[in-house]
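Enquirer: So that we are looking at the same thing, I have put the structure below in structure tokens.
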Amino acid sequence: MTTEMTRRDFIKATTLTGGGLLVTFYLAGCGPATPTTTTGPRTTPAATGPGAAVTPDPGDPSATIRPNLFVLIDGSGGITVTASRSEMGQGVHTAIAMIVAEELDAEWDQVRIVRAPADRALGDQVTGGSASISSMYDRLRRAGAAARQVLIDAAARTWAVEPDACRTEPGIVVHPDGELRLTYGQLVSAGIPDEDIRVNRVEPWKDPAQFRIIGTPMPLRDAPDHVRGATLYTNDLTLPGMRYAAIARCPTFGGRVLGYDRAAALAVPGVTDVAEVDGGVAVVADHTWAALQGREALAAVWDLGSLAGVTSEEIRQGLVDSTPAVGTDSISASYDIPYLAHAALEPMCAVADVRSDRCEVWAPSQDAQGFQTAVQQITRLPREAVVIHIPPIGGKFGRGLYVDAVPEAVLLSLQLGAPVKLMWTRDDDMRHDRYHAMSRYQATAPASGLEVPRVREILATSPIPTGSWRSVRNHPTAFARESLIDELAVARGMDPLRLRLDIVGVEARRVIELAAAESGWGDPLPTGWGRGIAYHATFGVTHVAEIAEVSVDGGRIRVHRVVCAIDCGTVVNPDTVRAQMEGGIVFGLTAALKDGITVSDGAVVQSNFDDYRLLPFDEMPEVEVHIVPSSARPTGVGEMGVPPIAPAVANAVFDATGVRLRSLPLRL
Amino acid sequence: MPSVRLNINGEDQVVDAPAGMPLLWVLRDFLGLTGTKYGCGIGVCGSCTVHVAGRAVRSCSIAVEKVTGPVTTIEGLSANGDHPVQLAWLAENVSQCGYCQPGQVMTAAALLAAHPRPDDAAIDAAMSGVLCRCGTYQRIRLAIQRAADRP
Ligand code: FES
Ligand code: FES
């Protein structure tokens, strides 16, 4: 289970252990944590012989050491790893803990994960660009290795031997004689003075050949709570005296309220307040349902503002092809994608508790420190008085980079003088997203020669907000480039696999060949079926090839099988890599096959999952994921499954029907 | 406010709830059973699925006074999280963000209670209305098959 200590836990922990170290540091806002310890006087630990029972460790769990920001070790041998990026299903917390535990030589079962609130001392906390692990890999390894060195040094002092002659086994330091051993818990229980914890000397990092945690499939730590319904997402939190709010929003962006029936809303049992907020009218109540009923009762009337009358068709007219600066020996085509919603199952929400001297916020954020800045600007409180907690997130796919719901909740809490839970309804979430931009991507390549097509992005001026959506430009870029490569292959009378192998680099070739071999490229398919391939390096770092097998029946496209090959450097958690590829493929299939977002009279038309459809269970293809073994640095996996799937399917549809589809969603 | 008698996870409860209030909000806001999730509020995502008299029901779309049988929520599916469906979910590492999973688990548990050995078509029919944006469907199918194979 991943936890974050709450105020209540803090009181509990303080009462129970007199320690509460972690919490003191985070919640009292003492600024950057310094290595510290709560151990008592130093004593000599009793050595344990080989084979002696080391679990449960007979230690003192209230004794702790914190060798660095990421690691806390207690006297029972428990290891607490601080996860500074947001967990939203992509497995980053488990991966962070795995890397630290590997270098610390910890027993995996002894590792506990705590979620960090916003804290500049932890460095960048933006969870985006699939970069959490690639950007933190060295720092986390060093954190684990340094903690291990503290324990080795403590044991060596106890035994009066050279630290370098000692080694570790999981959770244990072993004497040079190979007989005597001290568990990490025993060492911490015995007390390690502050000055011995500030170790700068870090042993050489583990040889990757010795890895026993990194590279091993590990279940996500939160999964047992997920299946018991025990995970507390933002919207599941309750604070004493908390109010429930819902906001009636102008259907257009930039409109304003003209009138509403305050009395009718207040007449709904349970509704206590009605307040105008930016872009709408908030109804505050004793519980969610009353807030929603009160919102209905407002019957708000809107001035739609300058967007009234705008349609997506009109916006699309702004997508004008430029004339490619190429001669007649070039081939060029344009590929279109519509607006797309993030549509995470957990809608936007926030809980805010603003006091005169401090403010706490809970929100599904991918940018803890950015949210902290935003709240600080509203409340004018000092940074350390603004605590941003990130509960487990119900998927966000980029949506969590935008603060939106938080200022609303903060302002309401400020106004009411009480904690507020603001839930966006599905309708709010769908119609007030920051959408993947409607765009056109023009791909161009010489008709002959071995060149990868160049791709230009053509954007219309978008009157509706746009933002980062899982894989951002990589999704349309791959659709354009990989479709055009297929068109080139057709023009040249070549096998599209062959052409790709001729024009790509070595890493690309490896995943393309692997996917081709595993899929049985060239093997006969049933009549009416087609096979298509696409390759993309999302953010230029992770190489993914996907091969789709589809059938087309009366205009209905059905994807039966997808074979995916990925090279993401060193694999921290192979099961996460597979899960992210499976999930990315489903996300990309929704974009390839289901209708996007449209605008009519200045407002988003779609409002729920009945008109913004996600790929359902019975359209799930069989997905196989093959991982290229690699000892290169880890690159990233969260978004990388998405981009190749739309072009792979479009190319397969061409293979099946001879019809080239150049806009998404694919419609015959 | 009318009083409504309910049996939730084996316990009799009386709640004062406005007429028409969906069971979902009674569970979440009055009884603190937050495992049941809001996803759409109109019966199309399945995140809010509970059992009423053993059948999968979307709690966002049933008014609390219309509930006629005992209710089981994800918290009451098993004493220790060890229902065969929950165990199968863990064995197949189904979950990603986890938000849809209580609804997935409750829907699958109701399916297996009614059809202990469902074929693929029966699994499709039961599960296709329960959405997962993280895309865990392949593993959900494997987990249901695993749970169905348990003697
Ligand atoms: S919340 Fe009930 S079906 Fe979606
Ligand atoms: S696991 Fe995230 S929505 Fe299903």
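Enquirer: Once the protein assembly as shown is represented by equal point scatterers at the alpha-carbon sites, with solvent omitted, what log10 I(q)/I(0) does the Debye formula produce at q = 0.08 Å⁻¹?
Expert: The Cα Debye sum returns log10 ratios of -0.74.
Enquirer: If I model a spin label as a point 7 Å beyond the Cα along the Cα-Cβ vector, how far apart are those points for A:Thr461 and A:Asp357 in nm?
Expert: Between A:Thr461 and A:Asp357, the simple spin-label model gives 5.1 nm.
Enquirer: What distance in nm lies between label points placed 7 Å from Cα along the C-beta direction at A:Asp194 and A:Trp108?
Expert: Each label point is offset 7 Å from its Cα along the Cβ direction, giving 3.8 nm.
Enquirer: A follow-up question, please. With solvent modelled as a 1.4 Å probe, how much accessible area in total do chains A and B shield from it at their shared surface, in Å² to the nearest 100?
Expert: Chain pair A/B: roughly 4300 Å² of buried accessible area.
Enquirer: Provide, in order from the shortest bin, the percent of all Cα-Cα pairs of the stretch A:439-657 in each 10 Å bin, continuing until the bin that contains the maximum pair distance.
Expert: Result returned by the calculation: 8, 34, 36, 18, 4, 0.
Enquirer: Using each residue's phi in the stretch B:9-15, evaluate 6.51 cos²θ - 1.76 cosθ + 1.60 at θ = phi - 60° and report the 3J(HN,Hα) Karplus result to the nearest Hz, with x for Gly and Pro.
Expert: Taking θ as phi minus 60°, the curve returns 6, x, 10, 6, 9, 10, 10 Hz for the stretch B:9-15.
Enquirer: Within the P(r) computed for the stretch A:275-364, what percentage of the Cα pairs occupies the region above 23 Å?
Expert: It works out to 60 percent of all Cα pairs.
Enquirer: Can you give me the Kirkwood hydrodynamic radius for the stretch A:437-518, using every pair of distinct Cα atoms, in Å to one decimal? Mind dumping the intermediate values first?
Expert: Numbers: mean 1/r = 0.0702 Å⁻¹.
Here the Kirkwood hydrodynamic radius works out to 14.2 Å.
Enquirer: Give me the distance between the Cα centres of the stretch A:355-402 and the stretch A:207-258, rounded to whole Å.
Expert: If you average the Cα positions of each part, the centres end up 14 Å apart.
Enquirer: Could you tell me which of rounded, prolate or oblate describes the stretch A:369-489, using a ≥ b ≥ c as the square roots of the eigenvalues of the alpha-carbon gyration tensor, with rounded for a/c under 1.5 and, failing that, prolate when a/b is larger than b/c and oblate otherwise?
Expert: Prolate is the answer for the stretch A:369-489, as a/c is 1.5 or above and a/b outweighs b/c.
Enquirer: Something else: Set Lys and Arg Cβ to +1 and Asp and Glu Cβ to -1, take the dipole of chain A about its Cα centre, and tell me which of A:Tyr184, A:Gln149, A:Ala517 lies farthest positive.
Expert: Value computed over the given set: A:Gln149.
Enquirer: In whole Hz and in residue order, list the ³J(HN,Hα) couplings for the stretch A:130-137 that follow from phi through the Karplus curve 6.51 cos²θ - 1.76 cosθ + 1.60, θ = phi - 60°; x for Gly and Pro.
Expert: 6, 10, 4, 6, 5, 7, 9, 3
Enquirer: Let me ask you something else. Ignoring solvent entirely, what values of log10 I(q)/I(0) come out of the Debye formula for the stretch A:596-645 at 0.13, 0.16, 0.26, 0.32 Å⁻¹ when each Cα is a single scatterer?
Expert: Values, matching the q order: -0.61, -0.77, -1.12, -1.23.
Enquirer: Then there's this: I'd like the accessible area for A:Glu276: 1.4 Å probe, protein heavy atoms, all chains in place, Å² to the nearest 10.
Expert: Counting only protein heavy atoms, the figure is 110 Å².
Enquirer: With runs of 4+ DSSP H residues as the only contributors, calculate the mean residue ellipticity of chain A at 222 nm using -39,500 (n - 2.57) per run, divided by the residue total and rounded to the nearest 500. Mind dumping the intermediate values first?
Expert: Values: 18 runs with 203 residues, N = 668.
Only helices count here, giving -9500 deg cm²/dmol.
Enquirer: Could you tally the net charge around A:Glu169, taking each other residue with its Cβ under 10 Å from the Cβ of A:Glu169, Lys/Arg +1 and Asp/Glu -1? Mind dumping the intermediate values first?
Expert: Values: positive: A:Arg167, A:Arg181; negative: A:Asp105, A:Glu107.
Result for the neighbourhood of A:Glu169: 0.
Enquirer: Report the far tail of the P(r) of the stretch B:84-148, meaning the percent of Cα-Cα pairs longer than 14 Å.
Expert: Of the Cα pairs, 47 percent sit more than 14 Å apart.
Enquirer: Does the stretch B:43-90 classify as rounded, prolate or oblate by the C-alpha gyration tensor (a ≥ b ≥ c root eigenvalues; a/c under 1.5 gives rounded; else a/b over b/c gives prolate, otherwise oblate)?
Expert: Oblate is the answer for the stretch B:43-90, as a/c is 1.5 or above yet b/c matches or exceeds a/b.
Enquirer: Would you grab the residues whose amide H sits under 5 Å from the one on A:Val277? Only those 5+ places off in sequence or on another chain, please, with H modelled 1.01 Å from N.
Expert: HN-HN under 5 Å from A:Val277: A:Ala282.
Enquirer: For A:Ile331, what residues show an amide H to amide H distance below 5 Å, using hydrogens built from the backbone and excluding near sequence neighbours?
Expert: A:Ala445, A:Ala447
Enquirer: Kirkwood Rh, the stretch B:3-75, all Cα pairs: how many Å?
Expert: When all Cα pairs of the stretch B:3-75 are included, the Kirkwood radius is 11.8 Å.
Enquirer: Next up: Using 0.36 nm per residue, how much length does the chain from A:Ser631 to A:Asp177 gain when fully extended, once their Cα-Cα distance is taken away?
Expert: 160.1 nm
Enquirer: Report the per residue volume, in Å³, of the convex hull enclosing the C-alpha atoms of chain B.
Expert: So the per-residue Cα hull volume is 101 Å³.
Enquirer: For A:Leu239, which sequence-distant residues (separation of 5 or more, or a different chain) have an amide H within less than 5 Å of its own amide H, given hydrogens modelled in the peptide plane?
Expert: Amide H to amide H, under 5 Å and 5 or more residues apart or across chains, A:Leu239 pairs with nothing.
Enquirer: Quick one: Karplus J couplings for the stretch B:56-69, per residue in order, coefficients 6.51, -1.76, 1.60, θ = phi - 60°, nearest Hz, x for Gly and Pro?
Expert: 5, 9, 7, 6, 6, 10, 10, 5, 4, 6, 8, 6, 10, x
Enquirer: Between the stretch A:527-551 and the stretch A:334-354, what's the alpha-carbon centroid distance in Å?
Expert: That distance is 26 Å.
The values are calculated or read from the model by the stated rules, or taken from the named source; none is laboratory data. Note that this is a predicted model, so its numbers are computed, not measured. When we count neighbours, we look across all protein chains shown, and the Cβ atoms used for this are built from the backbone with ideal geometry, even at glycine. Just the protein is used for accessible areas: all its heavy atoms, side chains included, with ligands, DNA and RNA removed. Shrake-Rupley method; radii C 1.70, N 1.55, O 1.52, S 1.80 Å.
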